[in-house]
Amino acid sequence: MQTLSRNGVTGQPHKIATVFTCCRVLSENLSRMPLSVWADNDIGLLELTRHRLYYLLKYRPNSYQNSQQFWSTVEYHRNQFGNSFVRKHLNNDSGFTESLEIIHPGYLREYEFINGVLNYTFVNPQSTEQLTLQANEVLHFRGISDDGIIGLSTLVAIERQTNINERATATIDHFYENNATTPMALETELPGNLTGPAAKAVIDTKNDFQEKYAGPQNAGKWIHLPIGTKLKSIAMQFADARLIETLRFTREDISAAFGVPLFMVDGSAEKLDVEQLTTLFKNNTMGPIVAIYIAEINSKLLTRAELERGISVAFDVLSLIGMDWQTKVNGIKEQVVNGLMTPNEGARKLGNKPITGEQGNRHYMQAQYIPLEHYEQYSPLMKTDPTTKTK
């Protein structure tokens with residue numbers, strides 16, 4: 001049996017602006033990708049718009065959330081807590097999933113194996129009601145895990161580093177408050193074994209000098225040295241300051257932890273190829289995240305028979321790549337003229353009216369390349385020349 005804390009994060013690293021921005025970028029980009037059901041058969045990929053999961057996943061997972069709100073929240077939980085949980089509600093007649101409910105990761109109390117079956121126990125702290133669900137009743141989305149069950153939160157690592165930074169910052173604050181940056185020290189020429197009124201006079205002199213000449217408020221004043229004292233130069237080595245500088249958790253560190261390109265965090269994209277960076281973000285960041293969701297959804301929402309027939313759920317990852325109108329038109333045109341897309345499919349993608357009749361639903365390709373071994377079968381000159389015999 002394993003027990004977890006309510007949120008897995010004891011500090012407040014989620015209040016760091018860069019952390020919030022990274023969570024927002026990942027959540028928004030996942031929720032903007034349409035989720036559809038596809039069949040891979042002999043005629044290619046076919047979107048199954050009448051499948052029982054189509055409306056549930058693409059438009060309305062439950063009665064109070066649309067798909068964007070739902071998947072954005074699920075991904076935010078996964079980034080903040082390392083895990084996100086979705087409960088399946090089944091139809092009593094068909095036995096299939098008819099709605100999905102998000103369960104806050106903070107409600108997870110423990111998980112355990114009973115007779116080889118993984119069980120999750122959730123507790124609502126407001127009502128103290130306990131809910132135990134088997135693994136096949138819950139969609140569990142997680143990232144990296146050290147036991148294959150509970151995911152590790154990126155914020156935990158950031159929190160540990162943040163705590164070190166806070167202590168380091170407090171150290172350097174006190175360092176400057178105590179004027180440890182002064183390059184001079186007040187040294188007395190009087191014997192060090194003074195006692196009685198003489199010793200008190202030396203202490204009062206040092207305190208008076210500290211009050212009159214130390215600190216930023218006394219900068220620039222003429223210094224009058226007390227009798228029996230002199231200023232001594234100090235070679236300060238700011239080892240602590242250099243150490244603290246290396247401990248600072250920069251935007252680059254946090255962005256790298258979440259896999260979000262820096263230009264999406266601070267907007268510094270003037271001299272960068274945004275389209276190329278977006279492609280890298282799609283492939284290296286969103287690609288693995290999409291694989292997490294697809295594997296869990298396919299294994300727990302589709303039957304084995306459906307999977308064997310080539311039915312699967314997929315995100316439209318291409319929607320992440322923004323492109324100008326001309327680039328989009330040229331890309332569709334290339335597919336149409338090379339027989340990869342019908343004219344009507346291209347017209348629909350551009351928002352144009354499809355061609356009436358069956359001609360717009362056929363694939364076309366230019367036939368300008370012919371095999372030289374059978375040149376006489378295709379050449380008009382060879383066919384009209386009476387002296388040429390054709391096979």
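Here, each number is a calculation from the coordinates, and none is a lab measurement. Fair warning: this is a prediction, and the values are worked out from it, not measured in the lab. Glycine gets a Cβ as well: all are built from the backbone with ideal geometry, and neighbour counts include every protein chain shown.
Please give me the summed charge of the neighbours of residue 310: other residues whose Cβ is under 10 Å from its Cβ, Lys and Arg +1, Asp and Glu -1.
Value of the local net charge: -3.
Once amide H atoms are built 1.01 Å from N in the peptide plane, which residues 5 or more positions from residue 132, or in another chain, come under 5 Å H to H?
Under 5 Å from the amide H of residue 132: 122.
Check residue 98: other-chain or 5+ apart residues with amide H under 5 Å from its amide H, H built from backbone geometry?
89, 90, 91
What net charge do the residues around residue 151 carry, taking every other residue with its C-beta under 14 Å from that of residue 151, with Lys and Arg at +1 and Asp and Glu at -1?
Its environment carries a net charge of -2.
When you count, for each residue, the other Cβ atoms within 10 Å and take the mean per peptide, how do 99-106, 279-286 rank with the highest first?
99-106, 279-286
For the stretch 107-160, which GluC sites (Glu not before Pro) are in a loop by DSSP, counting at most 15 other Cβ atoms within 10 Å?
Here the GluC sites (Glu not before Pro) that fit, given the DSSP loop and packing criteria, are 129.
Find out how many positive minus negative residues lie around residue 87, taking Lys and Arg as positive, Asp and Glu as negative, among other residues whose Cβ is under 14 Å from that of residue 87.
Its environment carries a net charge of -3.
Tell me, what HN-Hα J-couplings in whole Hz come from the Karplus equation 6.51 cos²θ - 1.76 cosθ + 1.60 at θ = phi - 60° for each residue of the stretch 78-85, using x for Gly and Pro?
Going residue by residue, I get 5, 6, 7, 9, x, 8, 9, 10 Hz, with x marking Gly and Pro.
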